[in-house]
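The values are calculated or read from the model by the stated rules, or taken from the named source; none is laboratory data. Nothing here was measured: the structure is a model prediction, and the numbers come from that model. A quick note on method: Cβ atoms are made from the backbone with ideal geometry, for glycine too, and the neighbour counts reach across all protein chains shown.
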Amino acid sequence: MSFVADLRVVLQGRDYRRLFGTRLVSQFSDGIFQFGVLGFAFFSPENQTTALGVAAGLAVLLLPYSVLGPFVGVFIDRWSRRQILMIAPIVRGVLLGGAAALVAADVPDPVFYAAALAVLGVNRFFLAALGASLPHVVPQDRLMAANAVTPTSGTVLTFVGVGAGFLLRGLFGGGDLGVALLLTTSGVVSVLSALVARTMERSLLGPAHDPGRPQTREALRNVVAGLADGARHLLSHRTAAATMGAMAAHRFFYGIATALGIILYRYYFTDGDPDAALSGASLVVATSGVGYFLAVIITPYATERFTITRWVPIALVTAGVLAGVLVIPFQEWGLPVAGFVLGIAGQSVKICADTTVQRDVEDVYLGRAFSVYDMLFNGMYVLAAALSAAILPANGKSYLAVAIIVAGYLLSALAYRAITRPRQPVTP
């Protein structure tokens, strides 16, 4: 089925439409918030952006998803999910109001980052509750279609929220007051998603009562052991483990490319003009979003023609070669095109990783496997930003960083093919 056909099918359910609406409103708010944080951290006239600052900003945005991710399921399986979808956006809105006040009061950056971490921590619970609620609002025979279109639509609305944040920044201004107004706007929109969630019946989204479920404290203790067990099981499935590894490799090299692009726009292309830098970086985000969406359309056809184990290295090689060709001249026009290429290639690899894990890993291990997946997805990006802080010069122009990106993608493709190549039977 096509994306549009899948969406048309699942939207026939009233309860799904309400859950879908809750997600879209919330992720639109999240896009505005992310733009506000990135603008404050990297493109504020009051701040001098460095590679170390980029690493810190990306860590703030992503570490809650890596650290909290494995543990939130313990609570999502014990608390009313509909109540989480109602209460979390309100708490998030209040925290965003507090963060806005901190920015307006010109508090030290670490205080603001602590408030941003709190916002993202609450958001992690919200997104996990959305995912766990989906099987309760669509019939079993439509679950695959719902899984195909729901996260993609949410991500598209996040990109739309980023675009709205860009337009609002032009209205509010790029200083601390402008950032505060952006955060306040995001908080108001976040509360609106709670109003959408309130239209659903309290018991609709579960969880079902289970008297045999372990106590919360015991369940939390079991999380770490469960992650290790899930990782061992995942490693016993070569293709799934290799494809997840390819996804992790992409996130690492994409993280270096992100840090490189931010510093280049901030100092090399624009001579330190934060507004011009933000406009350029926003164009890269937009072209990456277009690439992301096209990958959703292209990948099913590509994997049917080439198979997953061939399409993944094709995507990695394409990303490495074209990233080098487009970035190495260090011309401003090359980065949006590179963003488009990496958007297609990276999302293609992610879709393949999702598919192989869901296809090959036993259901009893699936939740733990995806917890490992989430930690890799976000943790590798933060690790890449940390490496970038060590190697990028002040103006961002680094042939070393580009060489690492190109060589890394190519070596990852070779490693993937070596791991997934069918083993020849041993002849006696």
What number of residues in segment 188-203 are assigned to a helix (DSSP H, G or I) and in contact (Cβ under 8 Å) with a residue 40 or more places away in the chain? 9
Which ones in segment 383-407 are of a type in the set (A, V, I, L, M, F, W, C) and buried (at least 22 other Cβ atoms within 10 Å of the Cβ)? A384, A385, L392, A401, I405
Of the residues G165, G161, G212, G154, which is surrounded by fewer than 18 Cβ atoms within 10 Å (Cβ to Cβ) and at pLDDT below 95? G212
Those residues that are among the hydrophobic types (A, V, I, L, M, F, W, C) and modelled with pLDDT of 80 or more, I need them from segment 232-242; list them, please. L235, A240, A241, A242
Per the filter on segment 170-190, residues crowded, with 17+ Cβ neighbours inside 10 Å and of a type in the set (A, V, I, L, M) are V179, A180, L181, L182, L183, V189
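I'd like the residue in segment 330-348 that is of a type outside the set (G, A, S) and touching a residue at least 60 places away in the same chain (Cβ under 8 Å) and, out of all such residues, is surrounded by the most Cβ atoms within 10 Å (Cβ to Cβ).
L342
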All helices (runs of 4 or more DSSP H) inside segment 1-87 with 2 or more residues being at pLDDT 90 or above: 14-42
So for segment 316-329 (the condition being without any contact (Cβ under 8 Å) to a residue 12 or more places away in the chain, more than 23 Å from the chain's Cα centre (by Cα) and not in a helix (DSSP H, G or I)), does at least one residue qualify? yes
How many residues are more than 16 Å from the chain's Cα centre (by Cα) and either farther than 20 Å from D360 by Cα or of a type in the set (D, E) (or both) if we restrict to segment 232-258? 0
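From the set of residues in segment 235-292 that are part of a loop (DSSP other than H, G, I, E, B) and not hydroxyl-bearing (S, T, Y), which is surrounded by the most Cβ atoms within 10 Å (Cβ to Cβ)? Write out each step before concluding.
At the first step, the residues of segment 235-292 found to be part of a loop (DSSP other than H, G, I, E, B) are 236-237, 269-273.
Remaining after also requiring not hydroxyl-bearing (S, T, Y): 237, 269, 271-273.
Values: H237: 19, F269: 21, D271: 10, G272: 13, D273: 16.
Filtering first and then ranking leaves F269.
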